[in-house]
Ligand code: DX5
Ligand code: ZN
């Protein structure tokens, strides 16, 4: 289970310190939302900001979410700025395939995002070529929006494909993730959780991350499949009897 605080919800006057806070608080990844004012009706920050933040969170995996109409011109600058993964949107249609190869050529992990109104089947032709599938759970553009429950079946489908095709891409969710919705997404098969408001707006971010990770873990369907009685063997009992139920 990966917890990825989104820098979009941080204090914009202190990007470096906020990234440090995420790292210190036990985050696994840092999610960086790049908005171009065209693909989405908002502008966030660019490669120079990511480059400036990078030394403040050296241990964190930089998950760069490109909500941009022309990622072609941005991949190299973000790779140089310190991105570990770049996520492009499936809505870019016939440009997705060459973009995937461009990201690979730069030696970075590849993510593919699907907006709420877009059918998850649009991602199907690319599943073998990606490291992460991002199921958007709000319409991208702003932090702090309410979770769209209608997106949950898409997570289930993404997980079913992953098992059927024996693939290992991560399933990430982004938008309106809090301690309630994290459980709902984990139950459907999500394993990577982006949260802005629910983490950066907390004074005790470490406690918030710890709690969110535990809820995600407790709702992992893989654990439910493995449910075996936890037996406590009395000291004098022979081990063979204790594990009899496993035979
Ligand atoms: C939405 C962005 C999200 C955003 C999530 O356009 O892609 O990453 O930061 O923010 P919260 O967790 O506040 O919904
Ligand atoms: Zn995002």
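Using every pair of distinct Cα positions in the chain, the Kirkwood expression returns a hydrodynamic radius of 18.8 angstrom.
When the chain is treated as a Gaussian network with alpha carbon springs shorter than 10 Å, the biggest mean-square fluctuation among 192, 137, 118 belongs to 118.
Panel note: the C-alpha atoms of the stretch 53-93, placed on their principal axes, show extents of 34, 16, 11 Å (largest first). Relative to the dominant Cα principal axis of the chain, helix 205-218 is inclined by about 50°.
Classify the stretch 38-113 as rounded, prolate or oblate, taking a ≥ b ≥ c as the square roots of the eigenvalues of its Cα gyration tensor: rounded when a/c is under 1.5, otherwise prolate if a/b is larger than b/c and oblate if not. Mind showing how you got there, number by number?
Working: a/c = 2.07, a/b = 1.36, b/c = 1.52.
Oblate, since a/c reaches 1.5 and b/c is not below a/b.
Between 0 and 90 degrees, the angle of helix 96-105 with respect to the longest Cα principal axis of the chain falls at about 80 degrees. Kindly express, to the nearest 10 degrees and within the range 0 to 90, the angle between helix 15-24's C-alpha long axis and the longest C-alpha principal axis of the chain. Roughly 10 degrees between the two axes. For the residues 93, 19, 160, a GNM of the chain with alpha-carbon springs under 10 Å puts the largest fluctuation on 93. Applying 0.36 nm per residue to the separation of residue 124 and residue 14 and subtracting their alpha-carbon distance, the gain on full extension is 35.6 nm. Within the listed set 201, 217, 56, the residue fluctuating most in the Gaussian network model of the chain (springs between alpha-carbon atoms under 10 angstrom) is 201. Taking label points 7 Å from Cα along the Cα-to-Cβ direction, residue 51 and residue 214 give a separation of 4.2 nm.
Taken over the stretch 35-169, the percentage of Cα pairs per 5 Å bin, counting from 0 up to the bin with the maximum distance, is 2, 10, 20, 22, 21, 15, 8, 2, 0.
Between residue 179 and residue 76, what is 0.36 nm times their sequence separation minus the Cα-Cα distance? Round to one decimal in nm. Each step should come with its number before you reach the end.
Values: separation 103, 0.36 × 103 = 37.08 nm, distance 3.56 nm.
Additional length available on full extension: 33.5 nm.
If you average 1/r over all unlike Cα pairs in the stretch 100-178 and invert the result, what Kirkwood radius do you get in angstrom? All intermediate terms of the calculation are to be shown ahead of the outcome.
Working: mean 1/r = 0.0761 Å⁻¹.
That comes to 13.1 Å for the stretch 100-178.
Any read-out appearing in this document is the output of simple, stated calculations on the displayed coordinates, not a laboratory observation. Everything quoted here is computed from the prediction, not taken from an experiment. Neighbour counts are summed over all protein chains in view; Cβ atoms, including those assigned to glycine, are modelled from backbone coordinates with ideal geometry.
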